[in-house]
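The values are calculated or read from the model by the stated rules, or taken from the named source; none is laboratory data. Bear in mind that the values here come from a model prediction, so they are computed numbers and not experimental data. Here the Cβ positions follow ideal geometry from the backbone for every residue, glycine too, while neighbour counts run over all protein chains shown. Accessible surface areas use protein heavy atoms only, side chains included; no ligands, DNA or RNA. Shrake-Rupley method; radii C 1.70, N 1.55, O 1.52, S 1.80 Å.
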Amino acid sequence: MTVRPAVLLLLPVLAAGGCATVKPVAADRMPPARVLTAAELRAAAVQGADLGSGYTVTLMDPGQGAAPQGAGRQLADVAACQPVLDAIGPADPTAQPQAETDLSVARAGDPQGGLYTALLDYPAGRAAVLQSTLDQVLSQCADFTSGVAAGPKGARTRHQLERADTPTPGGADGATAFTLTSGPQSGGPTLSQRAAVVRVGTALAVFSTVGTAKEPAAVPDPVVVLAQTRKLRAAQG
């Protein structure tokens, strides 16, 4: 499976909810929230100076985090599990955010290659709905398979999804975390991904790391998660 930096593109229907279930909120009951422009969202991305010594932040050019042209979209055998695959690979193009900024954060001495982050901004109310959707997916998709419609006949990938505990950072409206282990159904190397999805107003911040069966993906760096959450909240104010 193609892995896009930032667990990315996030979830055209994914997102976060704390350890507690978050119910969908009616649009007329949503508190006012300012949707950030693409330029504002990019300006709200963390920088090395926000994190301290030892950190290097790289902002990606628009489209740099996208899957290669022609990459096949993984289709889940259980429709309810499709949002998980759309979070980490070629997704439904009709469900994209209004603005997106992708970045990678490396820390000196980190053997796993750092933290990938996607910042996504949606129309008011949409992030909360996505958050609730993800919460439901996590309870329904512990084990499922997928394949590429145009790929080799019979080639299937097995996915194991598990919710992970995570605190809600100060300034966030909700946060959830999960691990996803994927590999050929017939056996072979497996890929481990861990993601924390944080909702801040109209924005979702997706923090992800990648590992293997022998070296599982690490917990997203809480220093980066907190700093990014605070910058998003400040930008919306």
Next on the checklist: Taking the Cα of ALA164, stepping 7 Å toward and past its beta carbon, and measuring to each backbone N in the stretch 215-237: which are under 12 Å?
Outcome noted: 216-222
Checklist outcome for this item: Toy charge model, Lys and Arg Cβ at +1, Asp and Glu Cβ at -1: the stretch 147-219 dipole around Cα centroid in debye, rounded to 20, equals 320 debye
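Suppose every Lys and Arg Cβ carries +1 and every Asp and Glu Cβ carries -1, with no other charges. What dipole size does the stretch 114-237 come out with about its Cα centre, to the nearest 20 debye? List each step's numbers first, then the result.
On the way: 11 positive and 8 negative charges, 45 e Å.
The dipole magnitude comes to about 220 debye.
Find the accessible area per residue for the stretch 115-205; the probe is 1.4 Å, ligands and nucleic acids are left out, and the unit is Å². Working shown, then result.
Values: 3540 Å² over 91 residues.
The answer is 39 Å² per residue.
Students often check this: by mean Cβ neighbours within 10 Å, which of 131-139, 182-190, 156-164, 114-122 ranks highest, and how do the rest follow?
Details: 131-139: 20.2, 182-190: 13.4, 156-164: 17.3, 114-122: 26.4.
Peptide ranking by packing, descending: 114-122, 131-139, 156-164, 182-190.
Between THR56 and THR37, what length in nm is gained on full extension when 0.36 nm per residue of separation is reduced by their alpha carbon distance? Provide the component values of the computation, followed by the final result.
On the way: separation 19, 0.36 × 19 = 6.84 nm, distance 2.48 nm.
Contour length minus the Cα-Cα distance gives 4.4 nm.
What does the C-alpha gyration tensor say about the overall shape of the stretch 151-237? Classify as rounded when a/c is under 1.5, otherwise prolate if a/b is larger than b/c, or oblate.
prolate
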